[in-house]
Amino acid sequence: MNSYASKPARLAGAICLILLCASALNAQEPKKVTKSEGLAAATLKVQPEYPPTARQLKIEGPVELEAVVAENGTVEKVNILSGNPILTRPAADAVRKWKFTPFTADGKSVKALVPVGMNFKL
């Protein structure tokens, strides 16, 4: 009978563990900030180099990116959202070099998602 009684207890323990892990994952979700908040927090903005091929072909246009900013204000990753592929790479390379004042939530530094837009114009 002990093994029968322990099955519900083990199941309840497993459910609690799953819920605890799920809430911990949600707590690690990056804070989403607006473009204006992101630009205001940027302490170093490196401008992208205009690709020679894009100059020759007279390619211009907007590039939309999303920077994943670590708790210390460095850029961990850049997600390319839209733009001409010839222009997105140098834009992403430049944003990887940006630095930010750390973003906070509840008085602690947190990871953040920062939208960044650039416009390449000749």
*asked:* Condition check: touching a residue at least 40 places away in the same chain (Cβ under 8 Å), touching an Asp or Glu at 6+ places or on another chain (Cβ under 8 Å) and buried (at least 17 other Cβ atoms within 10 Å of the Cβ). Does residue 94 satisfy that?
replied: yes
*Do any helices (runs of 4 or more DSSP H) entirely within the stretch 26-122 hold 3 or more residues that are hydrophobic (A, V, I, L, M, F, W, C), and if so, which?*
35-41, 85-95
*So, in the stretch 47-60, of the ones that are under 14 Å from residue 89 (Cβ atoms) and surrounded by 12 or more Cβ atoms within 10 Å (Cβ to Cβ), which residue ends up nearest to the chain's Cα centre (by Cα)?*
48
_Against the condition at pLDDT 95 or above, surrounded by fewer than 16 Cβ atoms within 10 Å (Cβ to Cβ) and closer than 18 Å to residue 47 by Cβ, how does residue 121 come out, does it pass?_
yes
_Exactly one of these conditions fails for residue 85: (1) touching a residue at least 12 places away in the same chain (Cβ under 8 Å); (2) out of contact with any helix residue (DSSP H, G or I) (no Cβ under 7 Å at 6 or more places or on another chain). Give me its number._
(1)
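The values are calculated or read from the model by the stated rules, or taken from the named source; none is laboratory data. Note that the coordinates shown come from a computational prediction; the quantities given were computed from them, not determined experimentally. Positions of Cβ are backbone-derived with ideal geometry, glycine not excepted, and every protein chain shown enters the neighbour counts.
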